[in-house]
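Engineer: Supplied in structure tokens, the structure appears directly below.
The values are calculated or read from the model by the stated rules, or taken from the named source; none is laboratory data. Since this is a predicted model, take the numbers as computed values, not measurements. FYI the Cβ positions are ideal-geometry reconstructions off the backbone, even for glycines, and counts take in every protein chain you see.
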Amino acid sequence: MFIGREKELKDLEKFYGENKFQFVVVYGRRRVGKTTLLSKFCQGKPSLFFTADESIDSISLERFSKMIFSRYALSGLSSFNSWEDAFTFVGQKAKDDKLILVIDEFQYLVNANKSIPSILQRLIDHQLVNTKLFLVLCGSYVSFMEEEVLGCKSPLYGRRTAQFEIVPLDFFDSRKFFPRYDLQSQVMTYGILGGTPQYLSIFDESVDVFENVERECLQKSSYLYEEPIFLLHQELREPSTYNSILSAIAHGNTRLNKISTRLKIDDTKVSKYINTLIGLKLVERLKPEPIGRIGRESIFKIKDDFFRFWYRFIFENRTLIDQDLGHFVANNLIKPSINEYMGEVFEDVSSEFLEKMNTQNRVPFTFKKIGKWWGNNPLKKREEEIDIVAYDEENILLGECKWWNEIVDISVLNTLIEKGVLFDFKNKYYAIFSKSGFTKKVMEFAKVNGKILLFTVEDFAQNF
């Protein structure tokens with residue numbers, strides 16, 4: 001099943017159609033669908049697809065050579081003498097005819113042989129540029145690809161003709177995995193699994209969300225049970241400290257001093273660990289949008305919803321799960337807290353929805369920026385938070401998101417309007433997103449006030 005990535009596939013096809021040498025860099029976290037995208041792109045085209053592993057250099061070269069010899073029916077040969085010979089041979093095959101060469105998990109080749117980027121640089125400059133080779137270097141170590149392939153200190157710097165960072169799918173693509181679920185279940189599934197295609201493909205839409213959680217997350221033998229631990233062990237040398245940081249953030253300790261206090265580790269050390277997690281695209285640093293009296297402190301957020309869910313509900317309950325008490329964990333520890341957990345997810349999906357609406361001119365004004373805001377309210381002498389702020393030079397939209405079982409009453413709208421006095425914009429609009437709907441009074445008020453927008457989860461069913 002190939003869902004999403006239509007734009008990336010279309011762009012790859014466009015570059016392929018230019019009928020000249022191309023050097024494309026594709027990178028992104030594990031499981032996000034890089035290999036699936038490239039396999040789809042290669043279908044029906046002359047191609048060589050090599051997946052590197054953690055072998056020593058000579059073994060990798062031998063495997064690469066055998067792939068080429070097999071492709072061109074060359075018998076009696078064991079291996080090229082060098083990577084330069086191997087790449088030169090591929091270039092000669094693409095002298096007059098198009099040929100795609102994909103090297104997946106490129107970081108493993110370089111870890112075993114640091115000279116490979118320099119070898120490719122020389123060949124690109126003097127030979128490959130005059131061929132019709134479509135060279136793709138793909139990697140899962142994001143920081144490696146950004147620094148050692150795309151970075152200014154890399155021998156390959158400036159040679160690439162295109163690059164694609166493959167990120168998790170947004171909600172509107174992710175929900176396509178579950179067409180039989182209702183909208184609330186689709187949002188909840190996205191909040192649990194995030195937008196990683198490999199995780200989304202595991203849930204079975206013939207059963208409800210919590211049964212899927214029990215089957216796929218809360219059993220020792222299930223694929224997702226230890227997935228974050230497995231990935232951290234692949235990326236990091238000290239996963240225990242990173243586990244503790246991710247758990248702290250998942251439990252609401254989003255500011256540096258709170259994380260440090262929980263871990264009893266100095267701020268400076270914690271900051272270094274967090275920067276590593278940011279480099280892995282697992283954590284992001286958020287600042288309030290620079291409007292009004294903004295708060296000074298940044299906050300930290302786990303970017304991947306599956307990691308956030310796992311460290312919130314599974315990491316500290318593994319002893320119970322190991323005793324085959326997954327059903328207890330689901331019903332007594334997850335279900336009672338799921339609405340509170342989903343609040344942040346609902347904010348993110350609502351922001352995605354507004355961005356989609358913005359591209360189609362379906363909001364009161366075309367906003368240039370969107371984000372969150374927190375800062376000082378001098379009138380009430382307290383810090384305020386606003387879930388969504390979208391704005392341009394003259395207009396602002398303030399958004400509030402409520403993943404509640406109760407319908408939203410007029411007090412929520414009044415509170416949001418009161419916060420509007422903190423911002424000096426010519427036009428102010430207000431949007432409320434509700435899981436369960438609105439009271440009659442709220443809907444009547446919105447009808448007579450053209451600056452009030454009301455959305456429910458059902459509005460997310462629109463096609464974009």
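Engineer: For the subset of segment 43-62 comprising residues that are over 16 Å from Asn111 (Cα atoms) and among the charged types (D, E, K, R), which member is nearest to the chain's Cα centre (by Cα)?
Structural biologist: Result: Lys45.
Engineer: Any idea which residue in segment 232-279 is nearest to Gly28 (Cα to Cα), counting only those that are part of a loop (DSSP other than H, G, I, E, B) and of a type in the set (A, V, I, L, M, F, W, C)?
Structural biologist: Leu236
Engineer: Then there's this: Any residue at all in segment 104-124 that is closer than 25 Å to Lys356 by Cβ, in a strand (DSSP E or B) and among the charged types (D, E, K, R)?
Structural biologist: No, because not a single residue in segment 104-124 is closer than 25 Å to Lys356 by Cβ, in a strand (DSSP E or B) and among the charged types (D, E, K, R).
Engineer: Same structure, new question: Sort out for me the helices (runs of 4 or more DSSP H) sitting completely within segment 298-400 that have 1 or more residues that are among the basic types (Lys, Arg) and farther than 27 Å from Asp267 by Cα.
Structural biologist: Fully inside segment 298-400 and qualifying: 318-322, 338-359.
Engineer: Among the numbered criteria (1) β-branched (Val, Ile, Thr); (2) crowded, with 18+ Cβ neighbours inside 10 Å; (3) free of Cβ contacts under 8 Å to residues at least 40 places away in the same chain, which single criterion is violated by Thr268?
Structural biologist: Only one criterion in (1) β-branched (Val, Ile, Thr); (2) crowded, with 18+ Cβ neighbours inside 10 Å; (3) free of Cβ contacts under 8 Å to residues at least 40 places away in the same chain is unmet by Thr268, namely (2).
Engineer: Just checking, does segment 25-42 include any residue being part of a loop (DSSP other than H, G, I, E, B), over 25 Å from the mean Cα position of the chain (by Cα) and not β-branched (Val, Ile, Thr)?
Structural biologist: no
Engineer: Scan (1) in a helix (DSSP H, G or I); (2) in contact (Cβ under 8 Å) with a residue 12 or more places away in the chain for the single condition Ser70 breaks and write down its number.
Structural biologist: (2)
Engineer: Hey, can you tell me all the residues within segment 420-438 that are crowded, with 17+ Cβ neighbours inside 10 Å and under 27 Å from Ile338 (Cβ atoms)?
Structural biologist: Matches in segment 420-438: Ala431, Ile432, Phe433, Ser434, Lys435, Phe438.
Engineer: Let me ask another. If Ile229 meets every condition in (1) under 17 Å from Ile302 (Cα atoms); (2) not in a helix (DSSP H, G or I) apart from one, which number is that one?
Structural biologist: Unmet condition: (2).
Engineer: Suppose the filter is farther than 30 Å from Glu211 by Cα, among the hydrophobic types (A, V, I, L, M, F, W, C) and surrounded by 15 or more Cβ atoms within 10 Å (Cβ to Cβ); does Phe300 pass it?
Structural biologist: yes
Engineer: Given the conditions (1) surrounded by 19 or more Cβ atoms within 10 Å (Cβ to Cβ); (2) more than 15 Å from the chain's Cα centre (by Cα); (3) of a type outside the set (Phe, Trp, Tyr); (4) not in a strand (DSSP E or B), which single one is not true for Cys138?
Structural biologist: (4)
Engineer: Given the conditions (1) more than 26 Å from Tyr341 (Cα to Cα); (2) surrounded by fewer than 13 Cβ atoms within 10 Å (Cβ to Cβ), report the number of the one that Ser411 does not fulfil.
Structural biologist: (1)
Engineer: I've got another one for you. Quick one: is Gly4 at pLDDT below 95 and in contact with a Lys or Arg (Cβ under 8 Å, 6 or more places away or on another chain)?
Structural biologist: yes
Engineer: List the pairs whose first member sits in segment 21-35 and is modelled with pLDDT of 95 or more, whose second member is crowded, with 20+ Cβ neighbours inside 10 Å and among the hydroxyl-bearing types (Ser, Thr, Tyr), and whose Cβ atoms are under 7 Å apart, counting only residues at least 6 apart or on separate chains?
Structural biologist: Phe21/Thr131
Engineer: Tell me yes or no: at least one residue of segment 357-365 is closer than 18 Å to Lys451 by Cα, buried (at least 18 other Cβ atoms within 10 Å of the Cβ) and within 20 Å of the chain's Cα centre (by Cα).
Structural biologist: no
Engineer: Tell me yes or no: at least one residue of segment 210-227 is in contact with an Asp or Glu (Cβ under 9 Å, 6 or more places away or on another chain), modelled with pLDDT of 95 or more, within 17 Å of Gly28 (Cα to Cα) and buried (at least 16 other Cβ atoms within 10 Å of the Cβ).
Structural biologist: For segment 210-227, residues in contact with an Asp or Glu (Cβ under 9 Å, 6 or more places away or on another chain), modelled with pLDDT of 95 or more, within 17 Å of Gly28 (Cα to Cα) and buried (at least 16 other Cβ atoms within 10 Å of the Cβ): absent.
Engineer: Also, quick follow-up: Within segment 151-161, is even one residue part of a helix (DSSP H, G or I) and surrounded by 15 or more Cβ atoms within 10 Å (Cβ to Cβ)?
Structural biologist: no
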